[in-house]
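To start, the structure under review is shown below, and the notes come after it.
The values are calculated or read from the model by the stated rules, or taken from the named source; none is laboratory data. Everything quoted here is computed from the prediction, not taken from an experiment. A quick note on method: Cβ atoms are made from the backbone with ideal geometry, for glycine too, and the neighbour counts reach across all protein chains shown. Remember, those area values only see protein heavy atoms, side chains included, never the ligands or the DNA or RNA. Shrake-Rupley method; radii C 1.70, N 1.55, O 1.52, S 1.80 Å.
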Amino acid sequence: MSDRVELRQVSKAYEGVTVVETLDLAMKAGEFVVLLGPSGSGKTTLLNMIGGFANPSAGQVFIDGEEVTDLPPAKRPTATVFQDYALFPHMSLANNVAFGLRMRQVPKVDRLAKAAEMLKLVGLEGYDGRGVHQLSGGQRQRVALARAMAVEPKVLLLDEPLGALDLALRRQMQEELVRLQRRSGATFVHVTHDQEEAMSIADRIVVVNKGRIEDMGPPDRVYLKPASLFAAKFMGESNVLAGRVIEQSGGEVKVDTGQSVIVVRGDSPVGSAVHLALRPEQLLLAPVPDGIGLGRGRVEVLSFQGTHCRCHCRVDGIDLVLRAPVSASLMPGQEVTLYAAKADVVLLRR
Ligand code: ADP
Ligand code: MG
């Protein structure tokens, strides 16, 4: 199967400043892709190059194998939900939703029927005649979504569409987006800086940093085995130890962190500088088979989180964060020895 979207050797510079480095990125039909990265990393620019709102400085954009690099947005089989929704305040909801169809010269009867169908799809049945000012933020968001879906795009581009909603509504809309995506079969490209949102909706997360792709893969893989230190830190909290490889054999390396020597899975030449990364929930209070010891330390700060206790421990002068089970009943000042499964430690080249 050919790719639905393909960016081939694409880059973007504004007035000589590169904001997207030369990259390749392909997306499958029916895939839910999330572009995840901090503000200013180039997510919107990437989205706009797919939608036709920004022209690449170099490279080509293909949709279903056809080059669209020089096509305007309306000539592409894409639709965009902008960050600010960009609804027309003077138009009824029906006309807002039907707008893209009007641009495509769809007859009025047909486009209003489609608008009614789309409003129903996003839970706003019967709202056709209302004005934009009569809606809450969540309802506006739905209208923007209905408008984008009305043109039956092959690719739906969503730029931080849930950013303005409160947490409960955001969660609900995340689930609805996934349902809508599964039903429509369209490829969704969704931009966010929220890693929890990315994990809950994505088939594949693309971690973007400074106009480059740091990592790309299914949420669990990117979370558990991030390809770079940036990806490890952006996907959630990580304990990071710096060290140097002192031995390498049989798919394992021995790393000297200055405080201790830790054997982990992976390959990196002797003498190379590395980071070891571990999630807080991967630090353990008791040894495990095929595990490693991380040293003895003292509990410094504890906070009860309901499902677990978040705990800072000082081990050999290094602050480590762990999620201890509530049943461990840790106390500040208590001495603990920390362990981890060898397979959980992520080895990253520095
Ligand atoms: P993100 O969506 O990840 O926050 P953007 O793609 O909007 O990032 O922006 C990436 C970089 O490109 C930023 O440094 C931003 O200031 C710059 N940029 C974006 N659009 C323009 C533009 N039209 N003109 C000049 N610089 C821009
Ligand atoms: Mg943006």
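Side notes on the structure shown:
- Residue within region 173-183 that is open to solvent by less than 10 Å² (accessible area, probe 1.4 Å) and either under 30 Å from Thr18 (Cα atoms) or within 16 Å of ligand 2 (Cβ to nearest atom) (or both) present: no
- Residue tally, condition surrounded by fewer than 23 Cβ atoms within 10 Å (Cβ to Cβ) and within 16 Å of ligand 1 (Cβ to nearest atom), over region 110-161: 2
- Qualifying residue in region 285-307 (condition: touching a strand residue (DSSP E or B) at 6+ places or on another chain (Cβ under 6 Å), within 19 Å of Tyr223 (Cβ to Cβ) and not acidic (Asp, Glu)): no
- Selection count where residues are of a type in the set (Lys, Arg) and farther than 20 Å from Leu158 by Cα, scope region 1-36: 1
Conditions (1) among the aliphatic types (A, V, I, L, M); (2) within 18 Å of Leu46 (Cβ to Cβ); (3) under 17 Å from the mean Cα position of the chain (by Cα), marked per residue:
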{"position": "Arg182", "(1), (2), (3)": "no, no, no"}
{"position": "Ile201", "(1), (2), (3)": "yes, yes, yes"}
{"position": "Gly211", "(1), (2), (3)": "no, yes, yes"}
{"position": "Lys225", "(1), (2), (3)": "no, no, yes"}
{"position": "Ile246", "(1), (2), (3)": "yes, no, no"}
{"position": "Lys254", "(1), (2), (3)": "no, no, no"}
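- Once region 21-45 is narrowed to residues that are under 14 Å from the mean Cα position of the chain (by Cα) and not in a strand (DSSP E or B), the residue that is farthest from ligand 2 (Cβ to nearest atom) is Glu31.
- For first residues located in region 1-18 and among the β-branched types (Val, Ile, Thr) and within 16 Å of ligand 1 (Cβ to nearest atom), partners that are at pLDDT 95 or above and not in a strand (DSSP E or B) and lie 6+ apart or on another chain with Cβ distances below 9 Å form the pairs Val10/Leu46; Val10/Met49; Val10/Pro56; Val10/Ser57; Val10/Thr69; Thr18/Ser57; Thr18/Gly211.
- Where a residue in region 58-83 is over 14 Å from Leu47 (Cα atoms) and its partner, wherever it lies, is within 16 Å of ligand 2 (Cβ to nearest atom) and open to solvent by 20 Å² or more (accessible area, probe 1.4 Å), with Cβ under 9 Å and at least six apart: Ala58/Lys12; Gly59/Lys12
- The single condition from (1) within 29 Å of Asp267 (Cα to Cα); (2) in a strand (DSSP E or B) that Pro287 fails is (2).
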